[in-house]
Structures are given as structure tokens and as C-alpha cells.
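**Student:** Got a structure for you, questions after.
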Amino acid sequence: MSTTTGSALPRLLRLPEVLKITGLSKAALYRATAAGTFPKPVKLTERSSAWVAGEVETWIHQRIESRSAA
């Protein structure tokens with residue numbers, strides 16, 4: 001993998017930040033992930049995960065759009 005491509009790496013969000021920006025509880029976040037209605041985290045290490053910021057932002061925008069459609 002080359003680092004000279006000029007493309008920016010996706011930003012990763014840790015759990016506290018995801019909870020803060022979505023307003024979800026930890027349990028609700030994991031239920032939505034298990035149900036496939038929230039993006040799955042990326043495994044960083046054996047005990048560490050993070051979410052791709054762009055995927056979380058897309059989920060937020062979809063929630064806002066679904067409100068307008070109802």
C-alpha cells in the first residue's frame with residue numbers, strides 16, 4: 001500500500017465519539033449493528049474497534065432523510 005497516492009485516509013471514530021454524535025446508547029448501537037441497520041465497526045486490534053466516520057455520517061443523513069419522507 002502506497003502512502004504517496006495523495007488520497008486522504010478515512011477518519012475512524014472510537015465508541016465514545018460515535019455515541020456522542022449519534023445520541024444512541026451503547027446497547028442501542030450494538031443492537032442496530034447486529035440488526036444491520038448501523039455500520040459495522042472496523043477491528044483495530046483484538047480488543048479495539050472503531051467506526052468509519054463517513055459511514056456513520058451517511059447513517060445520520062439517512063435518518064434525517066427518512067424523517068422527511070414519513
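**Student:** How many nm separate the modelled label positions at Ser68 and Glu46, each set 7 Å beyond the Cα in the direction of the Cβ?
**Tutor:** In this crude label model, Ser68 to Glu46 measures out at 4.7 nm.
**Student:** With the other protein chains left in place, how much accessible area per residue, in square angstrom, belongs to the chain at a 1.4 angstrom probe?
**Tutor:** Counting only protein heavy atoms, the per-residue value for the chain is 78 Å².
**Student:** Of all the accessible heavy-atom surface of region 19-61, with the other protein chains kept in place and a 1.4 Å probe, what percent is carbon and sulfur?
**Tutor:** In region 19-61, the share of accessible area belonging to carbon and sulfur is 56 percent.
**Student:** What does the charge count near Ala34 come to, summing +1 for each Lys or Arg and -1 for each Asp or Glu among other residues with Cβ under 14 Å from its Cβ?
**Tutor:** +3
**Student:** Pairs of Cα atoms under 8 Å, at least six residues apart: use those to get the relative contact order of the chain, whole percent.
**Tutor:** Reported relative contact order: 34 percent.
The values are calculated or read from the model by the stated rules, or taken from the named source; none is laboratory data. What you see is a predicted model, and the numbers here were worked out from it, not measured in a lab. Here Cβ is always computed from backbone atoms with ideal geometry, including for glycine, and neighbour counts include all displayed protein chains. Heads up: the accessible areas ignore ligands, DNA and RNA and are worked out on the full protein's heavy atoms, side chains in. Shrake-Rupley method; radii C 1.70, N 1.55, O 1.52, S 1.80 Å.
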